[in-house]
Amino acid sequence: MPIGRTFGLALIALAACLCVPAAAQDYPNRPVTLVVPFPPGGSTNIVMRIIADKLSELLGQQVVVDNRAGAGGTVGTRSVAKSTPDGYTISLGYTGTLGVGPSLYPNVGYDPRKDFEPVGLIATSALVVLVNPAVEAKTISELIGLAKREPGKLTYASAGTGSGIHLGSALLAHMAGITLTHIPYKGSSPALTDLLGGHVAIYLSSLPPAVALVRDGKVRALAVTGPQRSPVFPDLPTVAEAALPGYEAVLHYGIVAPAGTPKPIIEKLSVALKAALREPDVREKIEADGAELASMTPAEYAADIDREETKWSAIVKLSGARVE
């Protein structure tokens, strides 16, 4: 090969190597879209808007929340997987979309391990096991005993087939060796309404809406589903300590970008996210929502996504859940 051509190719290669750091240094120079693959409203959406506002301050460019709902969050998540990997389209990474969706839907259109660059985890959120006051059980152990005496008689509500609430309930039933009857609803609000009305016996609720209902005696709280007790219900045991060692049903959420997004840009986003989570006002708002902050590096979050998909895909299989 002629020397001049060799030198020219070397310059091109050098320029290609230098362009990524330069792009990261200038990033972002226009607004960033943060896709939340669920409808507006709801606790997760509120948390992501808090994060978006703080990232806007830290990055010096507006981070705009774009709600792209559909198919349990998989529609919006798939659109991000297919977006240009330049750091200007990022997404909420959620247990339902990265841990559950790939095995729940036959053609989800993305691989949670291969099609995303993890930026970092934001928080985890446990649930609380609620029963209608007409149910005799005062503890998880008593609830399990009641279900064993009358297999299939006790009903539990969920926010839909394949939701974290559904699968958390299915895991509880599986580990306890009991049969419960699943009643799926189109969202948490109607499910909780029917629990209050006595049309269903059990519901695994997110923490914030449960506080006033428990305090007013409209429902009875038996346990929380996390690995440790929740500050929201400090006197409630975990399901694991009260009855089922090893039981845990916790939702994880963070931020991901399309695969191929330059590493310096991922690092810049990661640093900004960690800084946002250190802000007292952000911590206060997230914890008030019943979540627990859980900052992670991109590599740690990648390992977390792998564990979550492995765990929840197995639960989807044992529950028999499938959305065609």
Projected area averaged over all directions for the convex hull of the alpha carbon atoms of the chain, nm², comes out at 18.5
Antiparallel versus total DSSP beta bridges in the chain: what percent is that, nearest 5? 60
Rounded to the nearest 10 degrees, what's the angle between the helix 298-319 long axis and the longest principal axis of the chain, both from Cα atoms, 0 to 90? 40
Write down the accessible area per residue of the chain in Å², having rolled a 1.4 Å probe over the full set of protein chains. 44
Starting from the Cα of residue 311, draw a straight line to each of the aspartates and glutamates and keep only those under 17 Å, dropping any in the same chain fewer than 8 residues away. 111, 248, 300
If you restrict to DSSP beta bridges whose two residues both lie in the range 126-281, what percentage is antiparallel, to the nearest 5? 60
Proximal aspartates and glutamates to residue 186, defined as alpha-carbon separation beneath 15 angstrom and excluding residues fewer than eight positions away on the same chain: 194
How many angstrom lie between the Cα centre of the range 94-146 and the Cα centre of the range 188-203? 18
What number, rounded to the nearest 500 deg cm²/dmol, is the helix-based mean residue ellipticity at 222 nm of the chain, given -39500 (n - 2.57) per DSSP H run of at least four residues and division by all its residues? -14000 deg cm²/dmol
Once the convex hull of the alpha carbons of the range 103-218 is built, what does its volume come to per residue, in cubic angstrom? 132
List, in the order given, every pair from 218/285; 138/317; 82/268; 54/285 whose Cα-Cα distance in the structure shown is over 24 Å. 218/285; 138/317
Karplus ³J(HN,Hα) for the range 245-259 (6.51 cos²θ - 1.76 cosθ + 1.60, θ = phi - 60°; Hz, whole; x = Gly/Pro) runs x, x, 6, 7, 9, 10, 8, 10, 9, x, 10, 10, 10, x, 4
For residue 116, distant residues with modelled amide H under 5 Å away: 259
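The values are calculated or read from the model by the stated rules, or taken from the named source; none is laboratory data. No experiment lies behind these values; they were computed from the predicted model shown. Ligands, DNA and RNA are excluded from the accessible area calculation, which covers all protein heavy atoms including side chains. Shrake-Rupley method; radii C 1.70, N 1.55, O 1.52, S 1.80 Å.
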